[in-house]
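Reviewing the structure listed below.
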Amino acid sequence: MVESNGYDCEEHWVITKDGYVLNVLRIPLGRFVGCRKARNRPPVLLQHGMLLDARSWMLLPPKRSLPFNLADNGYDVWLVNSRGTEYSEGHTSLNNYDPAYWNWSWDELVAYDLPATFQYVYNQTGQKLHFVGHSQGTLMVMAAMSRDQLLNMLRSAALLCPIAYLRHTTSLLARFITDNFIAEVKPYPAFFLIYPNLITMRTLKIICRIPSVDCSNMFTPYTGQNCCIKRSKTEIFLDHQPQPTAMKNVIHMCQMVRRGTLTMYDYNDCDENIKHYGQPTPPAYNMTCIPNDLPIFLSYGGADALSDVNDVKLLLDCLKHHDPGKIVVQCIESYAHADYLMAEKAKEDVYDPLIAFLNKL
């Protein structure tokens with residue numbers, strides 16, 4: 001997807017402290033002659049969301065997708081594939097058929113994946129990183145920042161469809177899963193993966209090719225009514241997504257929806273929580289602890305059912321003391337969750353303002 005569009009691409013491997021082997025792609029240079037100066041190109045790390053992988057950033061044509069636009073604007077672009085996804089299935093001692101391999105939630109992505117990737121890119125470039133996250137990717141970096149992690153290597157954070165609180169989510173699918181999730185009935189759920197059925201995905205793709213069928217609204221029950229996605233982009237999406245995640249990760253998200261809290265994973269057992277955390281309840285991530293002087297670009301959609309406006313307002317209230325000169329907040333009323341990756345005008349509406357923000361730092 002990178003080289004076929006005329007860009008250089010490097011493949012890197014990052015090993016986390018708990019043994020997961022992460023695939024990370026690098027686009028070191030822009031495509032055009034004037035963009036191919038390799039010196040002092042600021043690194044930008046792109047972190048995808050839940051059930052996605054790094055390819056989710058490249059669903060639009062190269063002239064309109066964020067990674068290629070960043071490369072053409074003089075940035076050294078790094079794209080992460082989180083643990084458990086198709087290109088990051090490796091582990092130093094476990095195979096991905098072992099239940100122990102799937103014993104993680106986004107807590108581990110915060111504690112292990114993000115620090116390992118940050119350190120690797122920092123060591124490779126010798127520069128602090130700009131970070132761009134979508135959905136769960138924003139949750140990861142905000143949770144890390146709230147615990148005073150990564151800050152010595154972080155230059156700025158761009159939060160697209162920020163996920164910190166989920167109490168008000170209107171996503172029909174998220175609400176259904178939360179209300180009917182049988183895996184949380186037992187105190188100690190089996191650790192296994194959520195893997196979208198391949199036959200189902202292929203069937204959807206065939207259906208979406210029928211001229212009379214409009215699949216542009218396929219994401220609506222999950223993301224909200226996206227305004228600007230063409231049916232052709234839905235077919236491209238089904239070529240690569242969705243990706244596996246851990247059942248424990250889904251349970252953790254359900255806890256956030258059900259309780260309206262932002263804490264570490266709750267084992268629903270005092271003894272287990274004490275074993276893991278040294279206290280009977282899971283520790284909270286405090287968004288007010290995010291440094292007030294860190295440059296932040298935050299963009300959310302008025303039609304987003306996952307990153308609901310009311311939950312974003314709770315986050316913004318936590319950031320109310322942020323240095324006004326260090327934060328840009330953008331609301332696009334017509335956008336929902338998937339528009340940030342696939343909308344026809346995402347470049348003009350989101351990516352151009354984001355790159356302008358980075359260029360000023």
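The values are calculated or read from the model by the stated rules, or taken from the named source; none is laboratory data. Bear in mind that the values here come from a model prediction, so they are computed numbers and not experimental data. Glycine gets a Cβ as well: all are built from the backbone with ideal geometry, and neighbour counts include every protein chain shown. The accessibility values were calculated without ligands, DNA or RNA, using every heavy atom of the protein model including side chains. Shrake-Rupley method; radii C 1.70, N 1.55, O 1.52, S 1.80 Å.
Listed values, structure above:
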{"quantity": "Efficiency of FRET from Cβ geometry, His321 and Gln127, R₀ 22 Å, rounded to 0.05", "calculated": "0.20"}
{"quantity": "Where region 91-168 is the region considered: accessible area per residue in Å², 1.4 Å probe", "calculated": "34"}
{"quantity": "Extended-chain gain in nm, criterion 0.36 nm per residue less alpha-carbon gap, Glu89 and Arg258", "calculated": "57.8 nm"}
{"quantity": "Portion, in percent, of the accessible area of region 240-361 that falls on carbon or sulfur, probe 1.4 Å", "calculated": "52"}
{"quantity": "Backbone N within region 326-360 under 13 Å of label point (7 Å from Leu173 Cα along the Cβ vector)", "calculated": "337-339"}
{"quantity": "Residue order for Phe131, Phe32, Phe176 - accessible surface, 1.4 angstrom probe, largest first", "calculated": "Phe176, Phe32, Phe131"}
{"quantity": "Estimated dipole of region 61-121 in Debye, rounded to 20 [Cβ of Lys and Arg +1, of Asp and Glu -1, Cα centre]", "calculated": "280"}
{"quantity": "Two-site label geometry, Arg147 and Ile15: point separation in nm, points 7 Å out along Cα→Cβ", "calculated": "2.3"}
{"quantity": "Label-point gap, in nm, between Lys275 and Gln330 - each point 7 angstrom along Cα→Cβ", "calculated": "4.6"}
{"quantity": "Where Met142, Met50 fall by accessible area, highest first, once all protein chains stay in place (1.4 Å)", "calculated": "Met50, Met142"}
